[in-house]
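Beneath this line is the structure, given in C-alpha cells, with notes to follow.
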Amino acid sequence: MTNRIRLFNIDIDPLTLDQALTHIQGWIAQRDGKCHYVVTPNVQHSVLVQEHGGLRAAYTDAGLVLADGLPVVLAARLLKLALPERVAGSDLVPALYASASETRQLKVFLLGAAPGVAARAASRMAQQWPAVETVGTYSPPLGFERDEAENGRILKLIEAAAPDVLVVGLGAPKQELWVHAHRQQISAPVALCVGATIDFLAGEKRRAPRWMQRTGLEWLHRCASEPRRLAKRYARDAVIFPKLVWREWRSHP
Ligand code: UDP
C-alpha cells in the first residue's frame, strides 16, 4: 500500500494506472492466500460514502483505492494534494488484460451484469486478448446478496474456477459491500470492483469518446445513454459534490 491522500473522508492511493497494474500483478504473482481488492471512487461514490459506514469500511480494507473521475482528480489538485491521474476501473481492466502474454497468462472470472452479458464479454475478450482466459461467468439473481445459500454458491463457483482476477460488476455500493463481506472466502488473489466494465467489454454499453473522458464529460455520455436511471443520480451528485469540495477547501490549511 502507498501513502494515501485523504479526500472526502476517503483515503486514496495516489498512483498512475501503470503503478496500480504493478501492484495487481504483484498480488497475482505472490498469491499470499488473501483476496486483495480494488475500488475506484468517483463522484457518485464520494457522495455515497459520506452517509454509508459499510462502504467506508470496504474502502478502508481495500488493497487499492484509485480515483476514478476527473472531478475527483481536479478537486485533489485544487486542494494541492498529489494525485497523478484518473484511474478508471474500465481502463484498468483492459490494461491488465493487455499486459497478459503467452508466458504470463491471466485467468479471469466475470461476476455481474445481466444474464448472458458476461458470456458475450468473454467471447469478445478471447478475440482481443488471447492470453486472457475467462474461467467463469455468473450473473447473480436480484437480491442475491441477502441470500446466504446463493452467496455460498457464488463463492464455490469462484473457488472451482480458481481465477487470478475476479472482475466484479454489480454497481456501487453493492460490489464493494459484497467483496468486503466475503473477502476472506473469495478464492482469487485479486478482485476488481469495476461497475459497468463487463457491459463495456461485451459491447453492451458504449464508453464515452476519449475526448469526453479527458474533459470530464463521461458522466454526460452515460446519462444520455441511460437518462431514466442515471439523471436523478447525477442531479443529486451535482448538488452534493461541490459542497464536499467546499467543505474540504475550508478545512484545508
Ligand atoms: N448489476 C448486477 N447485479 C445487481 C445490480 C447491478 O449485475 O444486483 C450490474 C448491472 O447489470 C451493470 C453493473 O452492475 O452491469 C453496473 O451498474 P452501474 O451502471 O450502476 O455501475 P456503475 O459503473 O455506475 O457503478
*When residues of the stretch 148-185 are filtered for being of a type in the set (A, V, I, L, M), more than 14 Å from the ligand (Cβ to nearest atom) and either open to solvent by 40 Å² or more (accessible area, probe 1.4 Å) or farther than 28 Å from Arg104 by Cβ (or both), how many remain?*
5
*Residues of the stretch 39-58 being within 14 Å of the ligand (Cβ to nearest atom), assigned to a helix (DSSP H, G or I) and closer than 23 Å to Val165 by Cα, which ones?*
His45, Leu55, Ala58
*Scan of the stretch 222-253 for residues that are open to solvent by 70 Å² or more (accessible area, probe 1.4 Å), touching a residue at least 12 places away in the same chain (Cβ under 8 Å) and away from the ligand (no atom under 14 Å from the Cβ), ordered by number*: Trp249
*Give the number of residues within the stretch 125-137 that are part of a helix (DSSP H, G or I) and under 20 Å from the mean Cα position of the chain (by Cα).*
1
*Can you tell me which residue in the stretch 134-143 is farthest from the ligand (Cβ to nearest atom), limited to those that are open to solvent by 20 Å² or more (accessible area, probe 1.4 Å) and under 27 Å from Asp18 (Cα atoms)?*
Val135
*Does Pro115 count as modelled with pLDDT of 95 or more and either within 22 Å of Ile24 (Cα to Cα) or surrounded by fewer than 18 Cβ atoms within 10 Å (Cβ to Cβ) (or both)?*
yes
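Would you please name the residue that is nearest to Ala113 (Cα to Cα), looking only at residues in the stretch 204-221 that are within 15 Å of the ligand (Cβ to nearest atom), open to solvent by less than 40 Å² (accessible area, probe 1.4 Å) and not acidic (Asp, Glu)?
Step one: filter the stretch 204-221 for residues within 15 Å of the ligand (Cβ to nearest atom), giving 204-208, 213, 218-221.
Restricting the remaining residues to those that are open to solvent by less than 40 Å² (accessible area, probe 1.4 Å) gives 208, 213, 218.
Remaining after also requiring not acidic (Asp, Glu): 208, 213.
Working: Ala208: 19, Gln213: 22 Å.
Among residues in the stretch 204-221 that are within 15 Å of the ligand (Cβ to nearest atom), open to solvent by less than 40 Å² (accessible area, probe 1.4 Å) and not acidic (Asp, Glu), the one nearest to Ala113 (Cα to Cα) is Ala208.
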*Evaluation of Leu106 against (1) surrounded by fewer than 20 Cβ atoms within 10 Å (Cβ to Cβ); (2) at pLDDT 95 or above; (3) more than 16 Å from the ligand (Cβ to nearest atom) (one fails), failing number*: (1)
*Within the stretch 1-38, restricting attention to residues that are charged (D, E, K, R), assigned to a loop (DSSP other than H, G, I, E, B) and modelled with pLDDT of 95 or more, which residue is surrounded by the most Cβ atoms within 10 Å (Cβ to Cβ)?*
Asp13
_Candidates Ala181, Ala149, Ala188, filtered to the one that is out of contact with any Ser or Thr (no Cβ under 6 Å at 6 or more places or on another chain), at pLDDT 95 or above and in a loop (DSSP other than H, G, I, E, B)_ = Ala188
*Taking the stretch 123-133 on its own, how many of its residues are within 16 Å of the ligand (Cβ to nearest atom) and either open to solvent by less than 20 Å² (accessible area, probe 1.4 Å) or of a type in the set (Ser, Thr, Tyr) (or both)?*
1
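The values are calculated or read from the model by the stated rules, or taken from the named source; none is laboratory data. As the structure is a prediction and not an experimental result, all values here were calculated from the model. Neighbour counts are summed over all protein chains in view; Cβ atoms, including those assigned to glycine, are modelled from backbone coordinates with ideal geometry. Side chains are part of the model used for accessible areas, which takes the heavy atoms of the whole protein and leaves out ligands, DNA and RNA. Shrake-Rupley method; radii C 1.70, N 1.55, O 1.52, S 1.80 Å.
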